[in-house]
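**Q** Got a structure for you, written out below as structure tokens; questions coming shortly.
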Amino acid sequence: MPGASMMDKGAKIEKDSFSIIEAGMARHFDEQCLPVVKRVIHATGDFDFENILKFHAGAIRSGISAIRAGKDIFVDVKMVEAGIDKKALSKFGGTVVCYISDEDVEMAAGQKAMTRAECAVEKAFLNNETAAKWGIAAIGNAPTALIRLMELIEDGKVGPGLVVGVPVGFVRAEESKAALAKQPYPYITCLGRKGGSPIAAAIINAIIKLAAQ
């Protein structure tokens, strides 16, 4: 069957790519962090991520637990949502949710003079009852979303089991990730200006694969 052979070919290419990546890496990572780092490098073609990715000691364990418990994943933008393997996630009962384009979020942003990303975070996490459904928050684009989420967690609101914060850019992105790297709760981030939605999605996909093992 042509379709099956194409899938086999694609799987071989991915396997070969990951072998090349691991051979080219200079740093050692434990067996849980290594698949995440490799998948990020695979998504970007950039070996810098082996040096700038930072993991809280309990990050991978918390992410796996959240996936296996069927918890949902909050994302800041549609590009992160699009990049996550929702079929694989659905096997555990979880879904990916993005509020950035919701009408009430747009309205709140105008009323509060805040970004839509900030208001989307508030919609997800200000209500303790609904906040309890989130297992992971994946912020790949908006530093304002990451900053607001950290503020809410610090204020004692219900937070996710894992915060993946990798916004990209030149305005507050670097600062927001540096702040995340100092937090006591489980996080994965990348220091500096690099980051973005593909990075966030790659991290989540790697954790989903680990949860399936």
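The values are calculated or read from the model by the stated rules, or taken from the named source; none is laboratory data. From a predicted model like this one, the values you see are computed outputs, not experimental measurements. For neighbour counting, all protein chains shown are included, and Cβ atoms are generated from backbone atoms with ideal geometry for every residue, glycine included. Surface areas here come from the heavy atoms of the whole protein model, side chains and all, with no ligands, DNA or RNA. Shrake-Rupley method; radii C 1.70, N 1.55, O 1.52, S 1.80 Å.
**Q** At Arg61 and Lys133, where each label point lies 7 Å from the Cα along Cα→Cβ, what is the point-to-point distance in nanometres?
**A** 2.9
**Q** I've got another one for you. Does region 129-213 come out rounded, prolate or oblate by the C-alpha gyration tensor, with a ≥ b ≥ c the root eigenvalues, rounded set by a/c under 1.5 and, if not, prolate when a/b is larger than b/c and oblate if not?
**A** Oblate, since a/c reaches 1.5 and b/c is not below a/b.
**Q** Working with all protein chains in place, sort Glu31, Glu122 by solvent-accessible area computed with a 1.4 Å probe, largest first.
**A** Largest accessible area first, the list is Glu31, Glu122.
**Q** Another one. Which value, in Å² and to the nearest 10, is the accessible area of Thr95 when all protein chains are kept and the probe is 1.4 Å?
**A** 70
**Q** Tally the DSSP beta bridges in the chain and give the antiparallel ones as a percent, rounded to 5.
**A** About 20 percent, rounded to the nearest 5.
**Q** Another question, if that's okay. Please list, by residue number, everything in region 178-194 whose backbone N is under 14 Å from a paramagnetic label point 7 Å out along Cα→Cβ of Thr44.
**A** 178, 188-194, by backbone N distance to the label point.
**Q** State in Å² the accessible area per residue of the chain; use a 1.4 Å probe, count heavy atoms of protein chains only, and round to the nearest integer.
**A** Heavy-atom accessible area per residue stands at 49 Å².
**Q** Per the helix-only calculation at 222 nm, which mean residue ellipticity applies to the chain, given -39500 (n - 2.57) for every DSSP H run of n ≥ 4 and division by its residues, nearest 500 deg cm²/dmol?
**A** -16500 deg cm²/dmol
**Q** When a/c is below 1.5 the answer is rounded, else prolate if a/b is larger than b/c, else oblate, so apply that to region 84-175 with a ≥ b ≥ c taken from the square roots of the Cα gyration tensor eigenvalues.
**A** Since a/c stays below 1.5, the shape of region 84-175 is classed as rounded.
**Q** Related question: Heavy atoms only, probe 1.4 Å: what % of the accessible area of region 127-188 goes to carbon and sulfur, would you let me know?
**A** Answer for region 127-188 is 51 percent, counting heavy atoms of protein chains only.
**Q** Report Phe92's accessible area, 1.4 Å probe, all protein chains in place, as a number in Å² to the nearest 10.
**A** Spelled out: Phe92, probe radius 1.4 Å, area about 60 Å².
**Q** Let me ask something else. Using heavy-atom solvent-accessible surface (probe 1.4 Å) with all chains present, what is the largest-first order of Met107, Met150, Met114?
**A** Met107, Met114, Met150
**Q** Report the accessible area of Asp8, computed with a 1.4 Å probe over the heavy atoms of all protein chains in place, in Å² rounded to the nearest 10.
**A** The accessible area comes out at roughly 110 Å².
**Q** Now for a separate question. By its C-alpha gyration tensor, with a ≥ b ≥ c as the square roots of the eigenvalues, how is region 1-80 shaped: rounded for a/c under 1.5, else prolate for a/b larger than b/c, else oblate?
**A** Taking the square roots of the gyration eigenvalues as a ≥ b ≥ c, region 1-80 is oblate.
**Q** So what's the net charge close to Ala212: Lys and Arg +1, Asp and Glu -1, counting the other residues with Cβ under 11 Å from its Cβ?
**A** +2
**Q** Select from region 11-91 those chymotrypsin sites (Phe, Trp or Tyr not before Pro) which occupy a DSSP coil region and have at most 16 other Cβ atoms within 10 Å, ordered by residue number.
**A** Those satisfying the criteria are Phe29, Phe47.
**Q** Here is a follow-up. What's the angle, to the nearest 10 degrees (0 to 90), between helix 33-44's Cα axis and the longest principal axis of the chain?
**A** Between helix and principal axis, roughly 90 degrees.
**Q** Can you give the longest run of the chain that contains no trypsin sites (Lys or Arg not before Pro) sitting in a DSSP loop with at most 11 other Cβ atoms inside 10 Å?
**A** No qualifying site falls inside 28-181, the longest such stretch.
**Q** For region 94-213, what number of Lys pairs, 8 or more residues apart or on separate chains, have alpha-carbon atoms under 14 Å from each other?
**A** Close lysine pairs found across region 94-213: 5.
**Q** Then there is this: Using a 1.4 Å probe on the protein chains only, how many percent of the accessible area of region 77-120 belongs to carbon and sulfur?
**A** 54
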